[in-house]
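K.L.:
Below is one structure. I have some questions about it.
The values are calculated or read from the model by the stated rules, or taken from the named source; none is laboratory data. Quantities reported herein were computed from a predicted structural model and do not represent experimental measurements. So basically every Cβ, Gly included, is an ideal-geometry build from the backbone, and we count neighbours across all protein chains shown.
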Amino acid sequence: AILPIRLISELPFIVHLFFGWHADARSNFRSAEARHSSCWHYSAPAALQSRRAEYSMAQDRPPAPPFPRDEVDPKTAIGSARNQQPFVEYFARAPPESGTKGTWPKPEAFEAAPKPPAPPSSKREASVLFVGLACVDVVMSVDKYPTEDTCCRASSMRRCRGGNASNSAVVARACGVDATWLGTCPRRDSMDSNFIVGDLEACGVKTAPVFRDAVEHAPTSHIVHNTCTSSRTIVHCRGALDELRESDFPEPDFDWAHFEGRAGNADVLREAMRRYREAGTTVSLELEKLDESLDSLEDEADVVLYSKERAERDGYRDPVKFLARKASDFCKRGQAQKIMTCAWGEHGAAACAVEGLTILILRAGALKTDVVDTVGAGDSFNGAFVAALAS
C-alpha cells in the first residue's frame, strides 16, 4: 500500500520533469511541491530527490525576457537577448501559440545577432608629406650574381614603381597616416607618369606630381636580385628629369614633412626644410646617399634617418657607436632636441634621442625570418618609423 501512495504522490513531479517546459511551468511546479509536501513523511527515492534539487536551482535563475511577437525576428531577438543576460539561452522559448505549450527552439535559433558598427573614431590621421624620388624599377632575379663580361639568364623579371620617398609613402599609408607624395615626373600624358601616379593612388597615397613637359621618361633603376643571398644591386639612371625647385613646394600645412636627401638639390631642400619648420611642421630627413653636400641638412631636421652606408663611410661598423658620435656632435652645435635612427639590415636597428644634455640610445634586433626580397627594405623601415612618430 505504501508503494502506490509514493508513486501517486510523486506522479505530478515525474510528469512535470519528463514532459518539459510549458507555458505555466512555474505555477504547475509550485502545485506539485505543495502536493508533495503532504506526503513528506514517506522518503522519496534518492534519484528523484537529486533531480528535484537540480530542478529547484533552475527556478532561481533570472526569468527570460519578454519575447517580441510581431516587431522583431525571433532569431535576432534571442541572439540579442543572449548577449545581455547570462542564462537567457537556457530559458529562451519559441513564442507559444494560443492555447498550446511552448517548445524549445532549434539550435540555429540561437545565432548571434549582427553587432552594430563601431562609432567612427574622432582621431584625425596625421598628414605627412613625402618629398623625393618616384621612378620605374626593372627587377631581374638571378640564381647567382653574374660575373663581369658574361651572359646569364634571369629566372624572372618585373616592372614596378620605385624610389625611396614613394616607397616610404606607401608603407606609411599602410600604417595609418594620410600620406602625400611630392616629386617630379615626365610630361603628364607619358606612360611612365601614368604608371607612377596610378600605382601610388592605388595604394591610397595622395600625389602632388610636378610635371616636366619636355621630358618623356622617368628615372629608371635596373636591379639585379640574387635569389640565393637575397641581395640586390642597383644601377640607376636619372635621365633628363631634373630635381624639385623651390617654387614647386606647396604651402606647409602638413603635420609632418619627410625629405629624401638627394645630391644636387641640397640648397633647395635646405630652404624648404627651414620654411616648413618655421611653420610648425615636424621635419624628418633621410640620409642614404653618400654625397657630402647633404651633411649640413641634418641640422635643419627634427628627425634624421641614416643609412648603414653613411655610417660605414664615416668609419663605423656599429650603429650604436655611430649614433653616439652624432648625438655628441649635435650637442656641441647646440642642437637641444633630435631623434636619429640607423638601420643595419639583418642586425636590426638603433635609435637615439637627444633631449638637452641627455642622450638615450636604444638598439633592437631583427626578427628571424626567411628573406624573400630586400628591394625597398630601407624605405619600408623609414616609412614605418615616420608613421609611428607622426601618429
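K.L.:
Based on this model, can you work out whether residue 192 counts as of a type in the set (Asp, Glu) and surrounded by 17 or more Cβ atoms within 10 Å (Cβ to Cβ)?
P.N.:
On the way: of a type in the set (Asp, Glu): yes; surrounded by 17 or more Cβ atoms within 10 Å (Cβ to Cβ): yes.
It is true that residue 192 is of a type in the set (Asp, Glu) and surrounded by 17 or more Cβ atoms within 10 Å (Cβ to Cβ).
K.L.:
Assess whether residue 169 counts as being assigned by TED's automatic domain parsing to the domain that holds residue 200, among the hydrophobic types (A, V, I, L, M, F, W, C) and closer than 30 Å to residue 270 by Cβ.
P.N.:
Judged against the criteria, residue 169 is a match.
K.L.:
Let me ask another. Among all residue pairs at least 6 apart or on different chains, which show Cβ distances below 6 Å where the first residue, located in segment 188-199, is touching a residue at least 12 places away in the same chain (Cβ under 8 Å) and the second is part of a loop (DSSP other than H, G, I, E, B) and among the aliphatic types (A, V, I, L, M)?
P.N.:
Going by the 6 Å Cβ cut-off, the qualifying pairs are 192/218; 196/134.
K.L.:
Related question: Quick check on my filter: what residues within segment 241-276 are modelled with pLDDT of 95 or more and either among the aliphatic types (A, V, I, L, M) or outside the structural domain of residue 217 (by TED's automatic domain parsing) (or both)?
P.N.:
241, 244, 257, 268, 269, 272, 273
K.L.:
How many residues does segment 195-207 contain that are closer than 24 Å to residue 240 by Cα and surrounded by 15 or more Cβ atoms within 10 Å (Cβ to Cβ)?
P.N.:
Residues flagged as closer than 24 Å to residue 240 by Cα and surrounded by 15 or more Cβ atoms within 10 Å (Cβ to Cβ) within segment 195-207 amount to 6.
K.L.:
Applying the selection to segment 338-357, what residues are exposed (fewer than 12 other Cβ atoms within 10 Å of the Cβ) and at pLDDT below 90?
P.N.:
Across segment 338-357, the qualifying residues are 356, 357.
K.L.:
Got at least one residue in segment 224-236 being modelled with pLDDT of 95 or more, surrounded by fewer than 23 Cβ atoms within 10 Å (Cβ to Cβ) and under 30 Å from the mean Cα position of the chain (by Cα)?
P.N.:
No: segment 224-236 contains no residue that is modelled with pLDDT of 95 or more, surrounded by fewer than 23 Cβ atoms within 10 Å (Cβ to Cβ) and under 30 Å from the mean Cα position of the chain (by Cα).
K.L.:
Also, quick follow-up: I want to confirm something. Restricting to segment 208-223 and keeping residues that are touching a Gly at 6+ places or on another chain (Cβ under 9 Å) and closer than 24 Å to residue 251 by Cα, which single residue is surrounded by the most Cβ atoms within 10 Å (Cβ to Cβ)?
P.N.:
Top of the filtered list is 209.
K.L.:
Being in contact with a Lys or Arg (Cβ under 9 Å, 6 or more places away or on another chain), surrounded by fewer than 17 Cβ atoms within 10 Å (Cβ to Cβ) and in the same structural domain as residue 251 (by TED's automatic domain parsing) is true for just one of 187, 159. Which residue is that?
P.N.:
Just a single option satisfies the conditions, and that option is 187.
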